[in-house]
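The values are calculated or read from the model by the stated rules, or taken from the named source; none is laboratory data. What you are looking at is a predicted structure, and each value in this text was computed from that prediction instead of being measured. Counting neighbours? That spans all protein chains shown, and the Cβs are built from the backbone with ideal geometry, glycine included.
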């Protein structure tokens, strides 16, 4: 194997050139990753493989000595994910190294077919191992991106707004799964403490469906708010959702519900001893105000 | 033995829990409170648990018991200042404490109890019921 590695070291420039030519020939999407970056990645990988730490053999990719190569592959996969390459394109990047290496080995070992076959086999396995590793790293990097985006979405989607002194509202948008329901509950309860609000309006206009689980989450939030001394009003229940709730046999009898956020707000104002009156001299609004349905 | 002080304000009793409420202490409090309510003829009990950070099903049940005992002795109980984490824990434990009245802080709880005591049915604040 030392021979093979020496061969790689001696012919590093040639391998690099051939490899890049091979990559260009394959249908690579050049708009995603620039040639310069691909070349840099290829050069780094080649250099690392050609100069492994002592006692490191090509037969065992999982050994300690190849850690630098694995780290480099991880780095490449992260950049690939960021550029939007597909997993197969990413693996193809390494697999293109195979024909180049085979060609080189064949030229160097024309007289020893046994050795030739063995070296090709070793190279084949090694490149495969690298390709598998980069594919796995690719998935890992992408999972990380997805997890981060989910977290960001959670934070974005649960704002608590203060409508009036002592009245807060939380417009829930999107499907309420367990983690989001938890988030909604926590942010609402903290807002109640922070703003010292006696009324909390949960608006579910943006919740596409309400099933038994979602209803249970909402009931939990409402009960928790009640335990803290705040009253919850549930608003934004669309007619279809009202029908679904009744069909599912969910009892919301202990919950104050209103169909619109404005109705819930009015109720909260009334219960906190306030009324909204039309000022004398102002003509009553005939046309509906924009934005209020 | 450690005891939780019970303060008297007019016809109301004020309890602020500022230590970890372990089981014996909770039972002691229940005992003391029932005695004080009966002795003083108190009309309302205010329990401030804003400093309580840990709660279990036993404490939840004791709170419910205190409220029930007080009602038998013709006094209203209001639990005030429950922390979000405590509220979530109780809900997750399945204890919605339906018999307990709650308020955000001592001020609001006091206001409610005063209104309830002056014959008015606590109009304006009586929306915690149902």
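Summary of values
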| read-out | value |
| --- | --- |
| Hits in region B:48-59 - residues which are crowded, with 21+ Cβ neighbours inside 10 Å and touching a strand residue (DSSP E or B) at 6+ places or on another chain (Cβ under 9 Å) | B:49 |
| Looking only at region B:60-90, and only at residues there that are closer than 21 Å to residue B:24 by Cβ and within 12 Å of chain A (Cβ to nearest Cβ), the one that is surrounded by the most Cβ atoms within 10 Å (Cβ to Cβ) | B:63 |
| Residue within region A:162-171 that is assigned by TED's automatic domain parsing to the domain that holds residue A:215, assigned to a loop (DSSP other than H, G, I, E, B) and closer than 23 Å to residue A:245 by Cβ present | no |
| Candidates B:48, B:107 - the one that is touching a helix residue (DSSP H, G or I) at 6+ places or on another chain (Cβ under 7 Å) and at pLDDT 90 or above | B:48 |
| Residue count, region B:91-113 (criterion: at the interface with another protein chain (Cβ under 9 Å from one of its Cβ atoms), touching a residue at least 40 places away in the same chain (Cβ under 8 Å) and crowded, with 20+ Cβ neighbours inside 10 Å) | 1 |
| Residues of region A:251-279 classified as without any contact (Cβ under 8 Å) to a residue 24 or more places away in the chain, more than 10 Å from chain B (Cβ to nearest Cβ) and under 17 Å from residue A:212 (Cβ atoms), total | 1 |
| Residue within region B:22-44 that is within 10 Å of another protein chain (Cβ to nearest Cβ), modelled with pLDDT of 90 or more and either in contact with a helix residue (DSSP H, G or I) (Cβ under 6 Å, 6 or more places away or on another chain) or outside any helix (DSSP H, G or I) (or both) present | no |
| Filter pass, residue A:184 being surrounded by 20 or more Cβ atoms within 10 Å (Cβ to Cβ), within 30 Å of residue B:47 (Cα to Cα) and within 27 Å of the chain's Cα centre (by Cα) | yes |
| Sole residue being closer than 29 Å to residue B:109 by Cβ and part of a loop (DSSP other than H, G, I, E, B), chosen from A:187, A:197 | A:197 |
| Whichever residue in region A:223-250 is in a helix (DSSP H, G or I) and facing chain B (nearest Cβ under 9 Å) and, among such residues, is surrounded by the fewest Cβ atoms within 10 Å (Cβ to Cβ) | A:223 |
| Test: residue A:69 is assigned by TED's automatic domain parsing to the domain that holds residue A:126, more than 17 Å from residue A:138 (Cα to Cα) and either in contact with a helix residue (DSSP H, G or I) (Cβ under 8 Å, 6 or more places away or on another chain) or surrounded by 16 or more Cβ atoms within 10 Å (Cβ to Cβ) (or both) | no |
| Region A:251-264 - residue that is touching a strand residue (DSSP E or B) at 6+ places or on another chain (Cβ under 6 Å) and part of a helix (DSSP H, G or I) and, of those, surrounded by the fewest Cβ atoms within 10 Å (Cβ to Cβ) | A:261 |
| Count of region A:195-208 residues which are more than 18 Å from residue A:272 (Cβ to Cβ) and either facing chain B (nearest Cβ under 10 Å) or surrounded by fewer than 20 Cβ atoms within 10 Å (Cβ to Cβ) (or both) | 3 |
